[in-house]
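Remarks on the structure that follows.
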Amino acid sequence: QVAKKIGRLTLADVQRLETVPGILSVMARTTGEKDVRTAAATVHAHLIGIDERFIELYRVPLVRGRSFFREEVAKKQAVCLLTAETAEKLFPVAEPLGQTLDVNGVAFRIVGVVNWTSETAQRSSLTDVDILIPAFWMAPKEGDFISTLEVRVRPEISTEQEIALVKKAISHGDPTREKLYFVRSMEEFVERSREFNDRILAGLLGIAAISLLVGGIGVANVMITSVTERTREIGIRKALGATRIHILSQFLVEASML
């Protein structure tokens, strides 16, 4: 951040990480924009390449249908998942499951519909997603730069060890190059999200406290004016035998209702 430099990831880094003991899989997080066509509509959609564990890992709500099978991803089959919003655009009057859509001349069969919520976008760090397809169809070519790599490690390895493994591999063992890459675990992401939500909650509580204070001052001013303007009524009530508690209770009830 001080030098304003950033490291670059390529397919060579993917291959290097795959050889590190303790790492189960490495997937390049790739996205793209393409024109998608059906018989009813044409949409300029945001696509992302995923594997069969993505939906379960990031807890993406599955509205209907299913996720990808391992065989479909391994055999590079042309299947896809749509977000609910995109499904309504492409199939306004028809059921999308089992239908096909054209992506750059390739017919993809729709196997499921997901609900891409704001919580899902936070967990996956992906905001604009319309269509999810197997990672093969979005795989980077030799020489292409990759913005994000998703690394999955063995569950018995601690967070500190897994971050150290990844940093050492992508920095080629050079400690000075480790600062060029940002490595974040799911635990750190959840903790940062919790801290962010806590700050938002504290801000909202502060605004609510100020609003209550201003409202209370307003109510107090109205009741003071009400008491000073009704001295005649108060005097008549006291002359008829009303006590201080009776009169005070009357104004408290009015203030509470107000």
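The values are calculated or read from the model by the stated rules, or taken from the named source; none is laboratory data. Computed from a predicted structure; not experimentally measured. Backbone-built Cβ (ideal geometry, glycine too); neighbour counts: all protein chains shown. Each accessible area value is taken on the protein alone, full model and side chains, heavy atoms only, with ligands, DNA and RNA left out. Shrake-Rupley method; radii C 1.70, N 1.55, O 1.52, S 1.80 Å.
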More than 33 Å apart: what percent of Cα pairs in the chain qualify?
46 percent
If one puts a single equal scatterer on every Cα of segment 95-226 and applies the Debye formula without solvent, what log₁₀ I(q)/I(0) results at q = 0.16, 0.17, 0.18 Å⁻¹?
-1.09, -1.15, -1.20
Under 5 Å, built H, 5+ apart or other chain: amide partners of residue 7
181
Percent of C-alpha pairs per 5 Å bin, segment 160-214, short to long
4, 17, 15, 12, 11, 10, 8, 7, 6, 5, 3, 1
Could you give the size of the charge dipole of segment 177-258 about its Cα centre, using +1 on the Cβ of each K and R and -1 on the Cβ of each D and E, expressed in debye and rounded to the nearest 20?
300 debye
Roughly what angle does helix 159-170 make with the longest principal axis of the chain, taking Cα atoms, 0 to 90 degrees, to the nearest 10?
40 degrees
Nearest 10 degrees is fine. How inclined is helix 244-257 to the longest principal axis of the chain, computing both from alpha carbons?
30 degrees
Could you give the dipole magnitude of the chain about its Cα centre, charging the beta-carbon of Lys and Arg +1 and that of Asp and Glu -1, in debye to the nearest 20?
600 debye
Using only the alpha carbons of segment 34-93, determine the length spanned along each of the three principal axes and report them from longest to shortest in whole angstroms.
31, 24, 18
Residue-span extension gain [residue 160 to residue 42] - 0.36 nm each, minus C-alpha spacing
37.8 nm
Calculated from DSSP helices alone, with each H run of at least 4 adding -39500 (n - 2.57) and the total divided by the residues of the chain, [θ]222 nm to the nearest 500 comes to -13500 deg cm²/dmol
So what's the convex hull volume per residue for the Cα atoms of segment 120-160, in Å³?
150 Å³
Cα-only radius of gyration and Dmax that characterise segment 1-147, units Å
16.3, 54
Relative contact order as a percentage, segment 7-123, C-alpha pairs under 8 Å and 6+ apart, gives 26 percent
Using packing as a proxy for protection, rank 27-37, 194-204 so that the peptide with the highest average count of other Cβ atoms within 10 Å comes first.
27-37, 194-204
With axes computed from alpha carbons, what is the tilt in degrees of helix 186-229 against the longest principal axis of the chain, rounded to the nearest 10 within 0 to 90?
20 degrees
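For the chain, what proportion of DSSP beta bridges, expressed in % and rounded to the nearest 5, is antiparallel?
Of the beta bridges lying entirely in the chain, close to 75 percent run antiparallel.
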Which cross-chain or sequence-distant (5 or more) residues have an amide H under 5 Å from the amide H of residue 63, H modelled 1.01 Å from N in plane?
113, 114, 115
Cα-only Debye scattering, segment 65-142: base-10 log of I(q)/I(0) at q = 0.11, 0.12, 0.14, 0.25 Å⁻¹
-0.30, -0.35, -0.48, -1.30
Counting only protein chains, not ligands or nucleic acids, how are 210, 157 ordered by accessible area (probe 1.4 Å), most first?
210, 157
Using the Karplus equation 6.51 cos²θ - 1.76 cosθ + 1.60 (θ = phi - 60°), what ³J(HN,Hα) coupling, rounded to whole Hz, does each residue of segment 73-89 give in order, writing x for Gly and Pro?
6, 5, 8, 6, 6, 8, 10, 7, 10, 10, 6, 4, 5, 5, 4, 5, 6
Can you tell me which of 146-155, 235-244 comes out highest on packing, and rank the rest after it, using the mean Cβ neighbours within 10 Å?
146-155, 235-244
Could you name the lysines whose alpha carbon sits less than 25 Å from that of residue 141, not counting residues in the same chain fewer than 8 places away?
5, 34, 75, 76, 167, 168
